[in-house]
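The values are calculated or read from the model by the stated rules, or taken from the named source; none is laboratory data. Treat the numbers as computed from the prediction; the structure is a model and nothing was measured. Here the Cβ positions follow ideal geometry from the backbone for every residue, glycine too, while neighbour counts run over all protein chains shown.
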C-alpha cells in the first residue's frame, strides 16, 4: 500500500502533491520533492516573457550542446535530480514529447545539479536508457539553477521552462502539465501575455501564503484545527482561486473537525470545477485514507477519483491506485482488483510498481493492511 501522507501528516507538511511545481499525482512510494516557503517570497527576477538566460552547462551527459536557443526553435529547459521520485516519473513522458516534436525542432534538455558521476551512473542503466531519451546534463555548480529556478522563485522539482522561438520564457510549470502549452507554443498560438498575467497572480498568491504557512503549520501540529481554519479563510478571502487552500479547508472540515456537511459543498465544487488531476487525486486519497469515507464522503471521493483518472487519461499509477481504493472502500473487491492491475501496468519505476503490486496482492487476499 502506498505511503502518501494522510491528511494529518499533509497538513503538518504544509503542502500537497498538487502544488504548482509538484506532480499532478505523485507515485505512491515517492517522497515529496516540493518544498514550501516559510518567509515572504521576493518578486521573481525571471518572469514570463523575459529573455531566457543562456545555458552554461558543465557536463553534457546524453545528447550534445545545442549551442544556444536557435531562432524559430522551441527549447524545454527542465530541472530534475536522480533522487527525485516525481522527476523520474516525468522522464518517460518527456521522452515521448521529445520523439513527438523532434521533427518540429523542439529540444528537451534535462539539467541536474548533481555531480557527473552520480548522473552518469544513474542514466547508464538499461531502465534509464529506455526511459530518458532526450538531452541530459549535469551542472554541479548550480549556475543554471540560479539563473532559472532561483530567479523565477521556483522551489520544487521537476520544473520545466519552455523557451519559445524568440528566445523568451513562454511557460513555467511541472513537465507533466506541459503538453497543451507546448503544443500551442510550437504552433504559434500561445497567448504569452495572458499566461504571464496568470503566472504573476499565482506567484503573488504563493507569496501571500508563505507567511501564513507557519501559522497554519503550528496550528495543525498543535491540533488547533479551528485556528488553522482561520488561516485558510484569510488566504481564500484574498485569493479565492487558491486550489491548495480550498482543498486543505475541505479536508480539514471533513476529516479533522468532523463537519462533513460543512465541507461537502466545497468538495463537490472541487469535483465539478477542477481540471487538475492532482487536486482531485489529493482530495480523494486523503478522504479514502482517513477512515471517514462513508456515505456522501465516499461518493465524493469516488467522483473525484473517477474524474482524476479521466483527466490523466489513465496513465498515472497513483491516480489509478486511488480509484482502486475507492472501489475497495465501496465494497467492490473485483473493481478494486481490476483498477489496481491497471495501476501496476502504469507504474513508471520499479519502486512504484512494487508498491502497486503489494496493494494488488492485498486486494486479492481480501485484506488491506495499515
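Would you confirm whether or not the range 339-348 contains a residue that is part of a loop (DSSP other than H, G, I, E, B), more than 27 Å from residue 250 (Cα to Cα) and without any contact (Cβ under 8 Å) to a residue 12 or more places away in the chain? Scanning the range 339-348 turns up no residue that is part of a loop (DSSP other than H, G, I, E, B), more than 27 Å from residue 250 (Cα to Cα) and without any contact (Cβ under 8 Å) to a residue 12 or more places away in the chain. Can you name the residue in the range 89-106 that is closer than 24 Å to residue 58 by Cα and out of contact with any helix residue (DSSP H, G or I) (no Cβ under 8 Å at 6 or more places or on another chain) and, of all such residues, is modelled with the highest pLDDT? Among those residues, the one meeting the criterion is 98. For the range 122-152, a tally of residues being touching a residue at least 24 places away in the same chain (Cβ under 8 Å) and in a loop (DSSP other than H, G, I, E, B) returns 9.
Residues that are in a loop (DSSP other than H, G, I, E, B) and surrounded by 13 or more Cβ atoms within 10 Å (Cβ to Cβ) within the range 179-214 comprise just one, 190. What pairs come out if I take residues in the range 81-106 that are not assigned by TED's automatic domain parsing to the domain that holds residue 157 and pair them with residues that are at pLDDT 95 or above whose C-beta lies under 9 Å away, six or more apart or interchain? Partner pairs satisfying both residue conditions: none exist. Does residue 119 satisfy the criteria of being in contact (Cβ under 8 Å) with a residue 12 or more places away in the chain and within 28 Å of residue 313 (Cα to Cα)? Judged against the criteria, residue 119 is not a match. Residues in the range 107-116 that are in contact (Cβ under 8 Å) with a residue 40 or more places away in the chain and touching a helix residue (DSSP H, G or I) at 6+ places or on another chain (Cβ under 9 Å): 107, 111.
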